[in-house]
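Chemist: This is the structure I want to talk about, given as structure tokens.
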Amino acid sequence: MLVFEFKIKAQKYQYLAIDEAMRIGQFVRNKCLRLWMDANKEDQINRNKLNKYTKVLSDSEEYPFVHKLNSMARQASAERAWASISRFYDNCKQKKPGKKGYPKFKKFSRSVEYKTCGWKLSNDRKYLSITDSTGIGKLKLVGSRDLHFYQKNQIKRVRLVRRADGYYAQFCIEITRIENSNSTGNYLGIDLGLESFYTDSTGKKVENPRFLRKSEKKLKKLQRKLSKCKKGSTNRRKAQARLARQHLKVSRQRKDFVVKTARCVAMSNDIVVIENLNIKGLVRTKLAKSINDASWSMFRDWLEYFCKVFDRKLIAVNPNYTSQDCSNCGQRIKKSLSTRTHICSCGARLDRDHNAGINILNKGIDSVGHTQIAQEYWVNASGQMSQWMC
Ligand SMILES: [Zn+2]
């Protein structure tokens, strides 16, 4: 799935209509959740039943506004409810530590999703029309992406999103993206850190970019300013808006950095090994803030994505003792978080995170087995050779 995003340009009444559509979607989602909460075991609520329930809602005279939203958009809302229910079930089944994420009612939905109908793209692909009875109408799309490359039936979802700086339309496009990539012969182990973003098994450190740190600092400053404003005052409202825009800026910059870094790692290595951190579990400790800031989980998601795209192997290993054990002789050397250098009696002396990166790489290769790697290499190499011969 690829997601393309455009800014929307429209009239005031259209923005209000989009808000209304989001409210209806939220209403449907919450109603589905309520149905599930009130149900007995015998009712066996599932995705299908929730989908059917959206029809009941739109037919009912009690909620005359529901039918305005396109039927498949209503179903998409029901699917969202089901997604949060099934996530909760999964967490319970896997016995995840901590909270299981019991589904909550949404109060401030900021998006509404259409599936394959209820909308139309203009022939020049510069306008999106919403054709249900919500009254949204024709929206101008502003952005540098070109939708001409894709068939209309490749667009599986259209989502309208509200952000601090306006409204956006997202198009989810179904394509299988596998890029032709040559095998590089490189393996890499990655130790995600707090001081630098990560340190790899070659000893290279990747820092959080300066612009990101700078705008995060500004974010904190705006936060402080907001807390000084009187409640209900105009100044406070303005400060809130400024803060929201800064949040948006930081999250965009962070995503940009993470995507580029993950792409680069996947492109230049055949095998990437990372720690299998239970990030949710860690976040509850006092490291929480820095971990969130370093946006690790986002990085891992993108790494997974790019490893698929470039046909690379991604291995997650248990992180236990990776920072304690000596990467040279295997001796366990206890050290506190503040000890930054690994020193061993075997003569090894290197940066703590570099040592961890090597251990992570070794663990990953052990878990797959050298022979399997060698075999895959051979297949890769011969595959390429036949390409060249063509
Ligand atoms: Zn040693």
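The values are calculated or read from the model by the stated rules, or taken from the named source; none is laboratory data. Just so it is clear, the model here is predicted, and its values are computed rather than measured. Cβ atoms come from the backbone with ideal geometry, glycine included; neighbour counts cover every protein chain shown. Accessible surface areas use protein heavy atoms only, side chains included; no ligands, DNA or RNA. Shrake-Rupley method; radii C 1.70, N 1.55, O 1.52, S 1.80 Å.
Chemist: Report the residue count in the stretch 241-268 for those that are open to solvent by less than 30 Å² (accessible area, probe 1.4 Å), farther than 14 Å from SER215 by Cα, of a type outside the set (Ser, Thr, Tyr) and touching a residue at least 60 places away in the same chain (Cβ under 8 Å).
Modeler: Adding up the residues that qualify gives 1.
Chemist: Being closer than 17 Å to ASP132 by Cα and open to solvent by 50 Å² or more (accessible area, probe 1.4 Å) is the requirement here; does LYS68 meet it? Quick ask: steps written out before the conclusion?
Modeler: Values: closer than 17 Å to ASP132 by Cα: yes; open to solvent by 50 Å² or more (accessible area, probe 1.4 Å): yes.
Answer is yes for this residue.
Chemist: Continuing with this model, one more query. Check the stretch 39-49 and report whether any residue there is under 28 Å from GLN154 (Cα atoms) and in contact with a helix residue (DSSP H, G or I) (Cβ under 6 Å, 6 or more places away or on another chain). Write out each step before concluding.
Modeler: Pass one, the stretch 39-49, residues under 28 Å from GLN154 (Cα atoms): 46-49.
This time we only want the ones that are in contact with a helix residue (DSSP H, G or I) (Cβ under 6 Å, 6 or more places away or on another chain), so: 47.
So far as the stretch 39-49 goes, yes, one or more of its residues are under 28 Å from GLN154 (Cα atoms) and in contact with a helix residue (DSSP H, G or I) (Cβ under 6 Å, 6 or more places away or on another chain).
Chemist: When you scan the stretch 173-188, do you find a residue that is modelled with pLDDT of 85 or more and farther than 30 Å from THR322 by Cα, even just one?
Modeler: Yes: one or more hits.
Chemist: Exactly one of these conditions fails for PHE27: (1) modelled with pLDDT under 95; (2) surrounded by 17 or more Cβ atoms within 10 Å (Cβ to Cβ). Give me its number.
Modeler: PHE27 satisfies every listed condition except (1).
Chemist: Across the stretch 187-205, what is the total count of residues that are open to solvent by 70 Å² or more (accessible area, probe 1.4 Å) and in contact with a strand residue (DSSP E or B) (Cβ under 8 Å, 6 or more places away or on another chain)?
Modeler: Total satisfying the criteria: 3.
Chemist: Mind listing just one residue for me: the one in the stretch 105-124 that is open to solvent by 20 Å² or more (accessible area, probe 1.4 Å) and among the hydroxyl-bearing types (Ser, Thr, Tyr) and, of those, farthest from the chain's Cα centre (by Cα)?
Modeler: Once the filter is applied, the top-ranked residue is SER122.
Chemist: Residues to consider are ASN235, ASN182, ASN208; find the one that is over 30 Å from ARG125 (Cα atoms), surrounded by fewer than 16 Cβ atoms within 10 Å (Cβ to Cβ) and in contact (Cβ under 8 Å) with a residue 24 or more places away in the chain.
Modeler: Numbers: ASN235 fails: in contact (Cβ under 8 Å) with a residue 24 or more places away in the chain; ASN208 fails: surrounded by fewer than 16 Cβ atoms within 10 Å (Cβ to Cβ).
The conditions single out ASN182.
Chemist: Checking the condition open to solvent by 30 Å² or more (accessible area, probe 1.4 Å), under 30 Å from ARG145 (Cβ atoms) and among the hydroxyl-bearing types (Ser, Thr, Tyr), which residue from TYR15, TYR102 passes? If you could, list the steps in order and put the result at the bottom.
Modeler: Numbers: TYR102 fails: under 30 Å from ARG145 (Cβ atoms).
Result: TYR15 is the single residue among TYR15, TYR102 that is open to solvent by 30 Å² or more (accessible area, probe 1.4 Å), under 30 Å from ARG145 (Cβ atoms) and among the hydroxyl-bearing types (Ser, Thr, Tyr).
Chemist: ILE8: in contact with a Phe, Trp or Tyr (Cβ under 6 Å, 6 or more places away or on another chain), under 21 Å from CYS172 (Cα atoms), open to solvent by less than 100 Å² (accessible area, probe 1.4 Å) and aliphatic (A, V, I, L, M), yes or no? Let's see the steps before the verdict.
Modeler: Details: in contact with a Phe, Trp or Tyr (Cβ under 6 Å, 6 or more places away or on another chain): yes; under 21 Å from CYS172 (Cα atoms): yes; open to solvent by less than 100 Å² (accessible area, probe 1.4 Å): yes; aliphatic (A, V, I, L, M): yes.
Criteria met by ILE8.
Chemist: Next up: If you scan the stretch 314-355, which residues turn out to be within 13 Å of the ligand (Cβ to nearest atom) and on the phi > 0 side of the Ramachandran plot?
Modeler: Answer for the stretch 314-355, where residues must be within 13 Å of the ligand (Cβ to nearest atom) and on the phi > 0 side of the Ramachandran plot: GLY330, GLY347.
Chemist: Just to verify a result, which residue in the stretch 135-157, among those that are open to solvent by less than 60 Å² (accessible area, probe 1.4 Å) and part of a loop (DSSP other than H, G, I, E, B), is nearest to PHE171 (Cα to Cα)? Can you show your working first?
Modeler: Our first condition is that a residue be open to solvent by less than 60 Å² (accessible area, probe 1.4 Å); within the stretch 135-157, this holds for 135-137, 139, 141, 143, 147, 150, 154-155, 157.
Those still in the list that are part of a loop (DSSP other than H, G, I, E, B) too: 135-136, 143, 150.
Values: GLY135: 20, ILE136: 17, GLY143: 12, TYR150: 11 Å.
Within the stretch 135-157, the match that is nearest to PHE171 (Cα to Cα) is TYR150.
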